1. Which of Phe129, Asn178, Leu106 sits closest to the plus end of the dipole of the stretch 40-192, meaning its Cα is farthest towards the positive end, when Lys and Arg get +1 and Asp and Glu get -1 on the C-beta?
2. Counting only protein heavy atoms, what percent of the accessible surface of the chain is carbon or sulfur at a 1.4 Å probe?
3. Which FRET efficiency, nearest 0.05, do Arg45 and Glu16 yield, Cβ-Cβ r, R0 25 Å?
4. For Lys234, Lys307, write out the residues from largest to smallest accessible area, computed with a 1.4 angstrom probe and no ligands counted.
5. Just name one of Ser80, Asn295, Pro61: the one whose Cα is farthest towards the positive end of the charge dipole of the chain (beta-carbon charges, Lys/Arg +1, Asp/Glu -1).
6. Calculate, in nm to one decimal, what Gln316 and His212 gain on full extension: separation in residues at 0.36 nm each, minus their alpha carbon distance.
7. Can you give the percent of C-alpha pairs in the stretch 19-89 whose distance is more than 19 Å?
8. Taking 8 Å as the Cα distance limit and 6 or more residues as the minimum spacing, I'd like the relative contact order of the chain as a percentage.
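The values are calculated or read from the model by the stated rules, or taken from the named source; none is laboratory data. Quantities reported herein were computed from a predicted structural model and do not represent experimental measurements. Here the Cβ positions follow ideal geometry from the backbone for every residue, glycine too, while neighbour counts run over all protein chains shown. Remember, those area values only see protein heavy atoms, side chains included, never the ligands or the DNA or RNA. Shrake-Rupley method; radii C 1.70, N 1.55, O 1.52, S 1.80 Å.
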Amino acid sequence: MVTATYHIAVDALGSESPTEHIVVGARDFITSNPDCTLTLIGRRRDFSDLPEDRCHIIDCPAAVPQHATLLDVLRNKRDSSLRTGLNLLAGKSVQALVSAGNSGALMVLGRQIVSALPGITRPTMIKQFTRSTGSFWMLDLGANLARRRSLLHEFARVGSAYASSVGGLKKPKVALLNIGAEAHKGPQYLRDTAVDLVRDPQVNFVGYVEAHLLFSGIADVVVTDGFTGNIALKSIEGALAIAQQYVRTSFKASDFPEEESVVNTVNSTLNAQTYNGASLVGLRGVIVKCHGNTNHIGIRSALALAKREIVAQVPQRLEAHFEQSQSKN
């Protein structure tokens, strides 16, 4: 019998999807990961089908709604499932938290309860994307809407350290997302950030990258503000959905006998849920944020990402990276 090594909490409330999706995703995950246990936070009656020896239940019927204001979250949601999960993470009862709840609440309460790592002023949302040759990571994807050169510089360092720890890249190429590759293109804060990154020996800065070249291999880490990054993320997911539909429609009109297996393979590759989960990094713990409309595939993927970050010791490596950077300055 395998002894459980990794302990992950799941905020089962606040999602736009039925709780049954979270239950099925959790069951799929623990079935294929015998070294993990889950702590599910939500309504106890929703988890009756999960094995008690692998899934601990915390009965917590209070959720943070998707439409909740941050003031309401801070003042009135003291017993919410999200806050409960963050308290478990801060107290080291679990090693990671997965949530499909309110993004703003996760950001604010995460900073308040779990706290930021030394040298990091704002946690940021980062996500891995698969391309024809390996992967690349993009941040910020919605945690920070401010457009400041100091923040983008910090994101570049965080992204570089993340790609090194999770992706195993020794010297990841870092680029700023911009409307052109030329030095004079883009708003002033981007051009100022580029100057800062050129001078930073801790970042392998390769210049600007345009949106249509994100998957080209120009950069391993793409840095942008949260507003622009979230739009880019949703655009990519929308394009994937259109491509899935196009493939499905095209094969229905064809006479290929193997079309079903081909369609299933292609659609699985293009399914955004397969890559669901963005990481809120820069805090003293592993936090993975799911889409509000996540299905069971997305939950399983997010839990797998949380496990990878625990194994890679992402918070510890980020802290060591920033401590080393500060000692050299």
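1. Towards the positive end, the residue furthest out is Asn178.
2. With neighbouring chains kept in place, the figure for the chain is 53 percent.
3. Efficiency, from the Cβ-Cβ distance: 0.80.
4. Putting Lys234, Lys307 in descending order of accessible area: Lys234, Lys307.
5. With unit charges placed on the Cβ atoms, the residue in question is Ser80.
6. 34.0 nm
7. Values: 995 of 2485 pairs.
Counting pairs separated by more than 19 Å, the tail of P(r) holds 40 percent.
8. Relative CO of the chain lands at 23 percent.
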